Amino acid sequence: MDCHVSKIPQLLPADAEAVFVITGANRGIGLEQVRQFIEKTKVHVVCTVRKSSKIDHLKSFARQGHSKQFSIAAAEQVSKAHPQGVDMLLNNAGTQESVTRAIETSGKDYAAVLAANVVGPFLVTKHFLPLFMKKKTRVIVNSSSICGSISATVKGGIGGENPLASVLLPYNTSKAALNMQTAVLANDLKEDGFTVVSLHPGWVRTDMGNAAQEFGGKNAPPLDVLTSVAGQQKVIMGLSQKQNGMFLNWDGTKLDW
């Protein structure tokens, strides 16, 4: 797959009038989402941040001449910078605890992960709702995981892809809850013209993907970040309301809850 040349189908607007908001864009998959959207489209990408001390990689984009096509802002600042509205929100921000047996999970870790991975995306979505209502295109993408699939966890993962099925209890539970949140909001916002989906990035060679291998995976994560993001963006740009409420893989295939 050519991540640098291939064009993205333009069902979502890809012109300079479109505004995409990405949370958790300071590193890894989120940072690559910013890079590829800038490279392949003319949309303005807004990167929301919680800690200004963790934006060095994003600042480097500005130094490379991309400052007109993306901005860094706290969520509450976006409405002032883009009063015309927002077309797409990618809830990419999240956290995970250390890899440990499920039964050894502390209550503190459990609560913190649920707050970040479930309540956080909900509050961000709620915050941007008025800006969505100013646009005709209203897409919300929740970055989920196959770890949140109950059926895949019971079976130990798709083709053995989920060696974390007996660990990472807070993370796995948070992604299952995020999937439910996707389904409920898809129903609630359907009449307002929203498309809300959960999107699994695949088993990617990131810190978490490598941790899965170290804990018991037989194989290394098969996807690099560039390939995963290229696939995700084709899915995102090709979304229609027929896919509202779905749990999708990075390549567009439908996943089981």
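Points to keep in mind about this one:
- Exposure proxy ranking, count of Cβ atoms within 10 Å, fewest first, for M133, M237, M246: M133, M246, M237
- Exposure proxy order (Cβ contacts within 10 Å, fewest to most) of L114, L89, L31: L114, L31, L89
- Of the cross-linked pairs K68/K134; K40/K135; K134/K190; K80/K108; K175/K254, those separated by over 27 Å at the C-alpha level are K80/K108.
- Derived scalar couplings between HN and Hα for the range 17-34 equal 7, 7, 10, 10, 10, 10, 9, x, 9, 7, 6, x, 4, x, 5, 5, 4, 4 Hz in order, rounded to whole Hz, by the Karplus curve 6.51 cos²θ - 1.76 cosθ + 1.60 (θ = phi - 60°), x for Gly and Pro.
- In Hz, Karplus ³J(HN,Hα) per residue of the range 96-104 (6.51, -1.76, 1.60; θ = phi - 60°; x = Gly, Pro): 9, 8, 5, 6, 8, 4, 4, 5, 8
- Sparsely packed loop sites in the range 98-158 (the trypsin sites (Lys or Arg not before Pro) outside DSSP H, G, I, E and B with at most 13 other Cβ atoms within 10 Å) comprise K136.
Taken together, the values in this text are just the output of simple stated rules run on the coordinates, not laboratory data. Given the structure is predicted, the values throughout are model-derived calculations rather than measurements. Positions of Cβ are generated from backbone atoms using ideal geometry, with glycine treated the same way; all protein chains shown enter the neighbour counts.
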